[in-house]
């Protein structure tokens, strides 16, 4: 959605939105985590609302870790989707219009299918990146084993304990494997989808 | 029954200001140099560009009228558009491409199977656009636009991106389509071939305004239009095959009350054909010579009068429009000849037309030449195709 807006629309706040979306990419992850803490903390403006109205607490929970990951990989995702939307052929949408397809119809039947390789690749890369998220998660959701501990957090924790090298090596191997699978899957999915689209 | 278009739009380089009315049904070719505003008419009619001022009406039914605040978006107009690049959806099969517009309209005037048969694309239905040749793609694109069940068909240089042999492959399909459709068609092209074969009417456009508009027989024979200045200028005549003379290897055509003899053409008697007579091939004579047919290797001697004369400096020539019994022809002669024969408007002359110079335009209506390859299994009779004729449209 955000990618579509950024790729197609031209409005006054566009560059601001663009900057906000891309902020986590350039900001130190710890800062992102801290900002989340400020916003979504139990006493933060959004966190308080969630807590009071729905009884949801994000800080130091698995959900919080997920949120931190999502915020961190969002720009990666948006960039990838936006690139594929921008390279999509506007001529095809015009053709669809003359054939009677309205805005939503075109989005569902023309734009999204044609952008699907980019979206798929973006999603897989984002997932792989997510697994490796460290700074924002430790700041926002802490490092609670079995709850908010991501792989790198576990590796880091293992290294802090005397004799934990073996465990760290194991975990690193898992991490390496997951990253490789992620990259290969994205490559494969991209190629498969492009073939399906007749490119 | 007319299609009327009024268009006013200001671009940074050119101001479009035109108005014309053309018969419906019928193919109207918009002809003119690049950038003269032909495509603007197409995109405005499709609704893809909203001009400063625009009014389009078919038989009084208003498609767009900016002054009255009527401007339907493209998706709510029943207008079929064939682009120069076919713009097929790459992620869909040919069938789904064809059905795309059809699924989004309730009308069922033009039938799927008939369009498929007419365009010879029955073998392609399961394929993806990227596996099709340029000519096949364009045929599918034409089918897709037709199945949108349009009130108006727009074709923006549909053959321009194809090489000449592919063009020759599609032209017969278009010529056949044209006789079946009960629709107004606006067709943009630069090609005199397409113009001569397909146009019922011509709108000549230059620098955003209409230079001339009218039936092809009239416009192509006018001496004073830019069309006449082309190397390959010449009148287009609507004739009918009258009789075959196998022994003499000749075919006689009737052209209104007049007749034309051409080298024997393999066409059934009674068929309507179009022929083109290049301007440079017509000799003008003043004197009646009774024995001209016996003394010369000439079959066509037609009496008429000079209607108009125009200079053609590029060819060091003069263009003479001659009104004959069947209609007008255009003759390109030297200025010296005009002086010697003392030609002027109203002068009686004979037009001498070599039978060999008369071009029978390919894809004669109703029985197109079959392209060399493809579509061999979909030979159909004209009777079957008549059914494609649209019934009375709900207004």
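Looking at the stretch A:39-115, the helices (runs of 4 or more DSSP H) lying wholly inside it that each contain 2 or more residues that are in contact (Cβ under 8 Å) with a residue 24 or more places away in the chain and farther than 23 Å from residue A:194 by Cβ sit at A:62-87. Selection of the stretch B:209-226 for residues being surrounded by fewer than 19 Cβ atoms within 10 Å (Cβ to Cβ) and assigned to a helix (DSSP H, G or I) yields B:218, B:226.
For the stretch B:87-119, a residue qualifies if it is in contact with a helix residue (DSSP H, G or I) (Cβ under 6 Å, 6 or more places away or on another chain) and at the interface with chain A (Cβ under 9 Å from one of its Cβ atoms), and the qualifying residues are B:87, B:88, B:89, B:90, B:91, B:101, B:102.
The selection criterion, being in contact with a helix residue (DSSP H, G or I) (Cβ under 7 Å, 6 or more places away or on another chain), free of Cβ contacts under 8 Å to residues at least 40 places away in the same chain and either surrounded by fewer than 16 Cβ atoms within 10 Å (Cβ to Cβ) or more than 24 Å from residue B:197 (Cα to Cα) (or both), holds for residue B:318. Of all residues in the stretch A:102-109, none satisfies being buried (at least 20 other Cβ atoms within 10 Å of the Cβ), at pLDDT 80 or above, farther than 29 Å from residue A:58 by Cα and in contact with a helix residue (DSSP H, G or I) (Cβ under 8 Å, 6 or more places away or on another chain).
Within this structure, residue B:62 passes the test of being in contact with a strand residue (DSSP E or B) (Cβ under 7 Å, 6 or more places away or on another chain), part of a strand (DSSP E or B) and either away from chain A (no Cβ under 14 Å) or under 28 Å from residue B:202 (Cα atoms) (or both). Annotation note: of A:148, A:195, A:139, the sole residue that is within 14 Å of chain B (Cβ to nearest Cβ) and either over 30 Å from residue A:87 (Cβ atoms) or out of contact with any helix residue (DSSP H, G or I) (no Cβ under 6 Å at 6 or more places or on another chain) (or both) is A:195.
Inside the stretch B:227-248, can you point out the residues that are in contact (Cβ under 8 Å) with a residue 60 or more places away in the chain and assigned to a loop (DSSP other than H, G, I, E, B)? Passing the criteria: B:231, B:233.
Looking for something within 14 Å of chain B (Cβ to nearest Cβ) and surrounded by fewer than 17 Cβ atoms within 10 Å (Cβ to Cβ) - is there at least one such residue anywhere in the stretch A:176-187? No.
Here are the criteria: (1) within 21 Å of the chain's Cα centre (by Cα); (2) within 14 Å of chain B (Cβ to nearest Cβ). Tell me which single one residue A:60 does not satisfy. Going through (1) within 21 Å of the chain's Cα centre (by Cα); (2) within 14 Å of chain B (Cβ to nearest Cβ) one by one, residue A:60 breaks only (2).
Given the structure, is residue B:101 at pLDDT 90 or above, surrounded by 21 or more Cβ atoms within 10 Å (Cβ to Cβ), under 29 Å from residue B:63 (Cβ atoms) and touching a strand residue (DSSP E or B) at 6+ places or on another chain (Cβ under 9 Å)? Judged against the criteria, residue B:101 is a match.
Which residues, counting only those in the stretch B:264-287, are under 24 Å from the mean Cα position of the chain (by Cα) and either free of Cβ contacts under 8 Å to residues at least 12 places away in the same chain or farther than 21 Å from residue B:217 by Cβ (or both)?
Correct list: B:266, B:268, B:269.
The residues on offer are B:124, B:146, and the sole one that is closer than 30 Å to residue B:58 by Cα, within 14 Å of chain A (Cβ to nearest Cβ) and buried (at least 18 other Cβ atoms within 10 Å of the Cβ) is B:146.
Against the test of being surrounded by 18 or more Cβ atoms within 10 Å (Cβ to Cβ) and either closer than 18 Å to residue A:69 by Cα or more than 17 Å from the chain's Cα centre (by Cα) (or both), the options A:29, A:45 yield a single qualifying residue, A:29. Against the definition (surrounded by fewer than 24 Cβ atoms within 10 Å (Cβ to Cβ), touching a strand residue (DSSP E or B) at 6+ places or on another chain (Cβ under 7 Å), modelled with pLDDT of 90 or more and outside the structural domain of residue B:238 (by TED's automatic domain parsing)), how does residue B:206 come out, yes or no? Spelling it out, it is not the case that residue B:206 is surrounded by fewer than 24 Cβ atoms within 10 Å (Cβ to Cβ), touching a strand residue (DSSP E or B) at 6+ places or on another chain (Cβ under 7 Å), modelled with pLDDT of 90 or more and outside the structural domain of residue B:238 (by TED's automatic domain parsing). Kindly indicate whether residue A:21 is more than 14 Å from chain B (Cβ to nearest Cβ), assigned to a helix (DSSP H, G or I) and either touching a residue at least 40 places away in the same chain (Cβ under 8 Å) or touching a strand residue (DSSP E or B) at 6+ places or on another chain (Cβ under 7 Å) (or both). Yes: the conditions hold for residue A:21.
The values are calculated or read from the model by the stated rules, or taken from the named source; none is laboratory data. Remember, it's a predicted structure, so these values are computed and weren't measured experimentally. Neighbour counts run over all protein chains shown; Cβ positions are idealised from the backbone, glycine included.
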